[in-house]
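Colleague: I have a structure I would like to understand better, so I am pasting it below and will then ask my questions one at a time.
The values are calculated or read from the model by the stated rules, or taken from the named source; none is laboratory data. The structure presented is a predicted model; accordingly, all values stated were derived computationally and were not measured. In this analysis, Cβ positions are derived from the backbone assuming ideal geometry, glycine residues included, and neighbour counts consider all displayed protein chains.
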Amino acid sequence: MKKILRFAVLFLLPAALLLSQSLVEVSKKEQERREKLKGKNVKVITNADLKTVKRTPAVTTSAAPPAEAEAAEPPEQEYLDAREAERAYDEGGGSLFATGILPDTLMVENPEFALYPPDGKFAEIPFGGFLDLELRAKNGPGNDIAIYARRSGTEGGAALEDGIPVGAEGSALPSALQYGVLVWGDTGDWEAIGQGMGINRPERFDLGNISSITGIRIVFRAFGNASADLRADYYSLTPQGFSMGIDAVESLH
């Protein structure tokens, strides 16, 4: 037991001496710090002082240079155009042009080209296909819908433009090949309102007794006396066949 106590004393004695020495150094440094502070005014901050401190944002940003600020604001004309478009939308109860493609659309190439104002891009409807679009229109005086359409294709290797061979006179597209127009109206079913040739742009249609519509279907097919006006190859759904292009569909009311 005595040996254990002697060993413990010998082991702990250096640590005690080091601790005593470090405490002396800390006390000496604190005394030196207090000597340096003598003669200096020390202000004590109280809660009353904190109430009078003016608060400022933690993060501030400088104002944008004049050029950047001007670019951030829309030009006055663009603002006026946007307000005019908004006014027309509110008064018309929606967009003046078709705004969406309905899921029953069949065999149409680039159907999205038929949306919004005319831009020279056409949704191509092959023979037997049809294009269904979202369109809100009301029955008003005169015609109610305008369709921007053109027919195209090839015949005997010659390109057609609006159904007429390029550089030639006379229509190469049979008159029986037209597009039919149906609308989704008050009865909850498609109702036919007329046919178009795709020659004059736009071609206009009257809703007749239908008070308002939410959709329109454009079908490319043969109307009238097809057997007398059509040859068998006009029914072909090949690249050499014909198509009806739709650029835009507009509500007039």
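Colleague: Scan the stretch 118-135 residue by residue and report those that are farther than 18 Å from Phe242 by Cα and either out of contact with any strand residue (DSSP E or B) (no Cβ under 6 Å at 6 or more places or on another chain) or at pLDDT 95 or above (or both).
Modeller: In the first step, residues of the stretch 118-135 are kept if they are farther than 18 Å from Phe242 by Cα; the result is 118-120, 132-135.
Within the stretch 118-135, Asp119, Gly120, Asp132, Leu133, Glu134, Leu135 qualify.
Colleague: I've got another one for you. Mind telling me which of the residues Ile145, Ile125 ends up being under 16 Å from Phe205 (Cα atoms), in the same structural domain as Phe242 (by TED's automatic domain parsing) and surrounded by 21 or more Cβ atoms within 10 Å (Cβ to Cβ)?
Modeller: Ile145
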